[in-house]
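Scroll down for the structure; my scribbles are underneath it.
Please treat every number below as a calculation from the coordinates, not as lab data. Because the structure is predicted, anything quoted here is derived from the model rather than measured. Cβ placement follows ideal geometry from the backbone for every residue including glycine, while neighbour counts extend to all protein chains displayed.
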Amino acid sequence: MRKLPLAAPAVIGLTVLIVGTQFAYPRANPQKDSPQTKEERPDVPDSIQAPAGEEVVLYTHATGSQIYTCQAAADGKFSWTLKAPEADLHDRKDKVIGQHSAGPTWKLKDGSAVAGKAAAKVDSLDPDSIPWLLVKVVSHAGKGTLDAVTTIQRVRTHGGQPPAEGCDASHRDAEAKVSYSADYYFYAPAK
């Protein structure tokens, strides 16, 4: 039988201690923990894809209402017409970072804001929910995260469709607030 040198038990003990601590403490995940991790594009139909050469610079989850008013069309028939959205914008940690309102406009607490115009839409996977949209930004205000944003997608909608009834001559100009939620992806030219 071979004898270990006197220092061997100390080296073995130190090795066990070092290896053991590797499993005792959580290790940083550079992919997950890095503030530089890029947001992935959502899986959407081609008609509402953001342009090539643009990247997601912000993701938000909106919760709030779609506000409708009862209006008469040119033919005299009444129907619910979208007046405006009214929603809070939440980040991935569910912190409110801004608002979505008439325009449509998205304004963040950092002071930046954009207004947009729908460029394309597809029906939601849920027939009781508002469509998914591709929105082109038409104006900017303030300085901050939204400075370079050129395109917005509204996806994964839930709710928000106008009421099925209750709009007629006796309810002219009545308002209805319908709860909805959606995910918004904000794109800017890739750097």
Where only alpha carbons of region 82-191 are counted, the Rg and the Dmax (Å): 15.2, 55
J(HN,Hα) series, region 182-191, from Karplus relation 6.51 cos²θ - 1.76 cosθ + 1.60, nearest Hz, glycine and proline x: 6, 9, 10, 10, 9, 10, 9, x, 5, 8
Fully extended contour minus Cα-Cα distance, from LEU125 to GLU40, at 0.36 nm per residue: 28.6 nm
Whole-number Å³ per residue for the convex hull built on Cα positions in region 55-131: 143 Å³
Simple label model, 7 Å out from Cα along Cβ direction - GLU165 to VAL96, nm: 3.5 nm
Highest to lowest packing among 82-88, 71-77, scored as the average C-beta count within 10 Å: 82-88, 71-77
